[in-house]
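K.L.:
Structure below; questions to follow.
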Amino acid sequence: MPRALSAIRLAEITRAAATSVAIRRSTRTPLSSGRRALADDMRARRLWLQRAMADALTEAERGALLTASEAMLKLALYEAPAKS
């Protein structure tokens with residue numbers, strides 16, 4: 001993790017954000033150049049995924065994968081009710 005943070009700092013795509021928590025926690029805020037780099041990266045990944053799914057999966061498999069991804073997102077966003 002320290003190497004990744006150093007690389008991010010050297011690339012000058014983020015800036016340190018003020019924090020009142022433990023000193024060892026590093027919070028970074030993306031700069032406009034960082035947001036552009038992230039958007040470019042995400043665009044390339046989405047394009048690759050689109051092509052890979054079209055080439056490697058049948059229509060039925062693509063449908064099953066999309067249905068599963070909706071369930072996975074629902075699970076990822078789930079917050080357990082507070083215990084009383």
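K.L.:
Looking at Ala18, is it modelled with pLDDT of 95 or more and out of contact with any helix residue (DSSP H, G or I) (no Cβ under 6 Å at 6 or more places or on another chain)?
P.N.:
Against the criterion (modelled with pLDDT of 95 or more and out of contact with any helix residue (DSSP H, G or I) (no Cβ under 6 Å at 6 or more places or on another chain)), Ala18 does not qualify.
K.L.:
Here's another thing I want to ask about it. Can you find even one residue in segment 67-84 that is outside any helix (DSSP H, G or I), modelled with pLDDT of 95 or more and either exposed (fewer than 10 other Cβ atoms within 10 Å of the Cβ) or aliphatic (A, V, I, L, M) (or both)?
P.N.:
There is no residue in segment 67-84 that is outside any helix (DSSP H, G or I), modelled with pLDDT of 95 or more and either exposed (fewer than 10 other Cβ atoms within 10 Å of the Cβ) or aliphatic (A, V, I, L, M) (or both).
K.L.:
OK, next. Right, Glu61: at pLDDT below 90 and among the acidic types (Asp, Glu) or not?
P.N.:
Spelling it out, it is not the case that Glu61 is at pLDDT below 90 and among the acidic types (Asp, Glu).
K.L.:
I've got another one for you. Determine whether segment 26-43 contains at least one residue that is among the small types (Gly, Ala, Ser), at pLDDT below 95, more than 15 Å from the chain's Cα centre (by Cα) and surrounded by 10 or more Cβ atoms within 10 Å (Cβ to Cβ).
P.N.:
Yes, segment 26-43 contains a residue that is among the small types (Gly, Ala, Ser), at pLDDT below 95, more than 15 Å from the chain's Cα centre (by Cα) and surrounded by 10 or more Cβ atoms within 10 Å (Cβ to Cβ).
The values are calculated or read from the model by the stated rules, or taken from the named source; none is laboratory data. Remember, it's a predicted structure, so these values are computed and weren't measured experimentally. Cβ sites come from the backbone with ideal geometry, for glycine too, and all protein chains shown count toward neighbours.
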